[in-house]
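Each remark here refers to the structure printed beneath this line.
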Amino acid sequence: MGACGANPQQRPVFYGANYRFWSFSRVETSGGIRASLAGRYASALFDLARDQRQIESVGNSLDALGQALLDSRDFAELVSSPLVSRDEAGKAFAALAPQIGLDLITTNFVGVLARNGRKGQLQSVIRAYRRLAAEHRGEITAEVVTARPLNDDQLAALKAQLRGRAGRDVTIDATVNPDILGGIVVKLESQQIDASIRTKLNRLASAMKG
């Protein structure tokens, strides 16, 4: 058995500058997050944030990184490009951290992602962490896809509607996919509501063939 009673497959998977990050298996009810690579990184980050009582602070920092990915094409390309070296990515993350107000845990974490050659997992890690944090708060996560970003009022209205449907608080995991053309796709637990224009057009095309 390893540290904290973990077996050899549950040893630390990566290290930060001032922290040791662990990835332990535990009961998972939010879609098998820990089965994916990004999920394992997010789980290790979440476990550390929980132990340090910094879940909200780390979540805010990840939200800032997610917003930077949306706002800055250069940053998004740096994260996604395989041509950017690990060292270059690490320096870029270190330079960005104080500009967008990342906390120390998240700053160290993104440095680890860069050094491990996993910077391309950043967006997926952010989404997985949000789900883990929502689960920790007793909320469920609704995956929402729209052709264009929702504004704050639209998000608030949608959250209220979904809360009424689910009977408890809902965290929205919103993504943008122009391919759906318009409308919205919502996945809430085992239910999926597809009100996208693309799906409506496909149904119309199928009906015309019949």
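We did not get these values from a lab; they are worked out from the coordinates using the rules stated. Because the structure is a prediction, the values reported are computed rather than measured. Note: ideal-geometry Cβ built from the backbone for every residue, glycine included; neighbour counts use all protein chains shown.
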- Task: For K159, go through the lysines and keep the ones whose alpha-carbon is under 30 Å away, minus same-chain ones fewer than eight residues off.
- Result: K187, K200
- Query: Using only the Cα atoms of region 106-210, what do you get for the radius of gyration and for Dmax, in Å?
  - Reply: 17.0, 58
- Message: Under 8 Å for C-alpha pairs, at least 6 residues apart: give me the relative contact order for region 139-209, rounded to a whole percent.
- Response: 39 percent
- Hits among lysines - C-alpha to C-alpha of K91 under 23 Å, sequence gap 8 or more where chains match: K119
- Distance between modelled label sites at D153 and L83, nm, 7 Å Cα→Cβ extension: 4.3 nm
- Karplus-derived 3J(HN,Hα), 6.51/-1.76/1.60, for each residue of region 106-113, Hz, glycine and proline x: 5, 4, 5, 5, 5, x, 5, 3
- Note on the structure: Going residue by residue through region 44-51, the Karplus relation 6.51 cos²θ - 1.76 cosθ + 1.60 with θ = phi - 60° gives ³J(HN,Hα) values, rounded to whole Hz and with x marking Gly or Pro, of 5, 5, 5, 4, 5, 4, 5, 5
